[in-house]
1. Tell me the label-point distance for the pair Asn39, Phe59, using the 7 Å Cα-to-Cβ offset, in nm and rounded to one decimal.
2. Which whole-number percent gives the relative contact order of the chain, counting Cα pairs below 8 Å spaced six or more residues apart?
3. Provide Rg and Dmax in Å for the chain, with only Cα atoms included in the calculation.
4. How much accessible area per residue does the chain have, in Å², with a 1.4 Å probe?
5. For the chain, with all protein chains present and a 1.4 Å probe, just round the carbon and sulfur fraction of the accessible area to a whole percent.
6. Quick one: how many Å² of Arg68 are accessible to a 1.4 Å probe, rounded to 10?
7. For Val52, what residues show an amide H to amide H distance below 5 Å, using hydrogens built from the backbone and excluding near sequence neighbours?
8. With labels modelled as points extended 7 Å from the Cα through the Cβ direction, what inter-label distance (nm, one decimal) is found for Glu30 paired with Lys95?
Amino acid sequence: VNSLNDFVFPFEINLHAPYPNPFNPIANIEYEVPFGGVNINISIYDIRGRLVNELVNEFQAASIEPYRIAWNADEKASGIYFVHMQSGDKIKTRKIMLIK
């Protein structure tokens with residue numbers, strides 16, 4: 001962790017476990033961005049590896065609080081999905097299950 005004026009920032013990207021899991025129809029996704037900020041892409045893929053939604057694709061600054069976004073899967077079919085977070089060569093993936 002890097003410290004700046006008593007604030008603590010992560011060294012690299014971090015994707016927390018989405019909640020609730022299983023979910024219907026909204027999953028909350030929290031993640032952290034390292035000191036200095038980075039380009040972040042967060043996308044949802046289905047079990048076959050097809051892109052379902054792109055939630056974030058932009059430069060984001062570091063924050064002492066995790067970023068939080070919600071994925072509304074109201075129009076998606078029940079099943080297993082993957083939250084895929086990428087910044088440069090760093091990749092984090094979490095599995096979530098939509099039950100209707």
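The values are calculated or read from the model by the stated rules, or taken from the named source; none is laboratory data. These numbers come from a predicted model, not from an experiment. Positions of Cβ are backbone-derived with ideal geometry, glycine not excepted, and every protein chain shown enters the neighbour counts. Note: accessible area is taken over every heavy atom of the protein model, side chains too, but ligands, DNA and RNA are not part of it. Shrake-Rupley method; radii C 1.70, N 1.55, O 1.52, S 1.80 Å.
1. 1.1
2. It rounds to 31 percent for the chain.
3. Looking at the chain, its Cα Rg and Dmax stand at 14.2, 47 Å.
4. The answer is 60 Å² per residue.
5. Solvent-exposed carbon and sulfur of the chain make up 50 percent of the total.
6. 150
7. The list, which skips near neighbours in sequence, is Ile44, Tyr45, Asp46.
8. That separation, rounded to one decimal, is 2.3 nm.
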